[in-house]
1. Just in segment 167-216: which GluC sites (Glu not before Pro) are loop by DSSP and have at most 15 other Cβ atoms within 10 Å?
2. Working from Cα positions, state the angle (0 to 90°, nearest 10) between the long axis of helix 129-142 and the longest principal axis of the chain.
3. What part of the accessible area of segment 151-307, given as a whole %, is carbon or sulfur when the probe is 1.4 angstrom?
4. Only Cα pairs under 8 Å and at least 6 apart count here; give the relative contact order of segment 127-286 as a rounded whole percent.
5. Between Tyr218, Pro181, Ser75, whose Cα lies farthest towards the positive end of the dipole of the chain when Lys and Arg beta carbons carry +1 and Asp and Glu beta carbons carry -1, centred on the Cα centre?
6. Computed FRET efficiency, Cβ-Cβ of Ser288 and Asn103, R0 45 Å: what is it to the nearest 0.05?
7. Residues with beta-carbon under 12 Å from that of Ser288, excluding Ser288: net charge, scoring Lys, Arg +1 and Asp, Glu -1?
8. Determine the per residue accessible area of the chain with all protein chains present and a 1.4 angstrom probe, expressed in square angstrom.
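The values are calculated or read from the model by the stated rules, or taken from the named source; none is laboratory data. Just so it is clear, the structure is predicted and the values come from calculations on it, not from any experiment. Glycine gets a Cβ as well: all are built from the backbone with ideal geometry, and neighbour counts include every protein chain shown. Just the protein is used for accessible areas: all its heavy atoms, side chains included, with ligands, DNA and RNA removed. Shrake-Rupley method; radii C 1.70, N 1.55, O 1.52, S 1.80 Å.
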Amino acid sequence: MRILCSGGSGLIGSHLIPKLIERGHEVTELRRYTATRGLAPTTTHKVVWFDLHNSQTVEDLEAPDILIHLGAMASNAIANANPVDCFDTNATGTLRLLHSFRNAPSTVVIAASSSEVYAKPTEVSALNPYAASKIAVEEIVRCSGHPWIITRPFNTYGRAPLNAPVAVADKWVRAALLGEPIYLGDMETVRDYLWRDDHVNAYLKIVEAVERGDNGIYGRAYDFGTGRGVTLDHLLQVIQNSALFHHLVDGGGFRIVSGGYHRTNDVPVLVGNPHAAEMKLGWVPTVSLEEGIELTMKEWHGKLGLG
């Protein structure tokens with residue numbers, strides 16, 4: 001199938017694109033001109049430079065069978081500090097992209113939203129500008145005229161390949177290995193932590209369902225999460241109790257400092273419900289938090305060149 005993927009140089013896109021190519025799909029990547037850290041192999045697929053933050057369109061491209069829209073201002077902190085840019089990139093940028101294929105109504109749109117849209121459990125509403133921009137993305141996709149699927153991924157970790165710790169799990173693992181301070185905030189904050197490869201496999205399951213002509217998957221929003229809520233306090237314990245952590249840093253490395261990881265517009269509890277993804281897509285996350293932290297520890301250890 002012809003697949004167009006925005007955000008191909010990000011964490012999910014850079015791991016998803018090679019897998020799509022391995023499965024025989026013809027992939028074109030939309031890459032922002034400032035994105036230089038992508039891992040996707042540029043020698044095996046077409047790359048088109050495209051910026052969601054301006055008036056550019058991609059109307060000269062052949063309409064794809066599937067558009068996987070991952071591109072966004074994805075950092076909650078940056079987005080909330082720059083709400084106008086956030087909305088222009090995420091919401092208006094999505095509109096620009098979909099407008100390019102307004103004459104190709106059969107193109108299936110798979111659009112990444114965020115768990116942040118759940119200001120309250122199971123209730124979609126915005127507590128911060130980033131969430132508001134993602135709710136706008138969802139509404140734009142719904143009224144696009146395309147067959148559509150919306151994904152709401154929860155806290156994905158495993159960013160060592162990009163050398164860009166964003167999620168708290170990656171930040172704390174990296175700090176522990178380097179003996180740097182681990183900044184604590186509201187340790188009762190609850191999140192649902194999803195290992196990177198489980199996240200990527202969820203998109204592969206959607207593509208498989210599109211390929212086999214399963215029309216029952218469309219017109220839905222799917223949570224990509226484990227369904228397991230974990231406090232920051234428990235996450236810290238998992239890292240500290242990791243066998244690999246004790247092997248790599250001889251049981252030391254923690255320098256705990258109060259302050260951080262708390263904002264007044266944070267959602268206190270975010271836990272996914274993967275039931276619909278399992279029933280409709282056959283997707284089940286397979287990596288536990290404990291296993292994922294071990295993998296994260298190993299990857300960051302290698303990325304940091306610690307021997």
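1. Filter output for segment 167-216: Glu188.
2. It is inclined by approximately 30 degrees.
3. Solvent-exposed carbon and sulfur of segment 151-307 make up 48 percent of the total.
4. 35 percent
5. Going by the charge dipole, the pick is Ser75.
6. 0.50
7. -3
8. Accessible area per residue, the chain: 43 Å².
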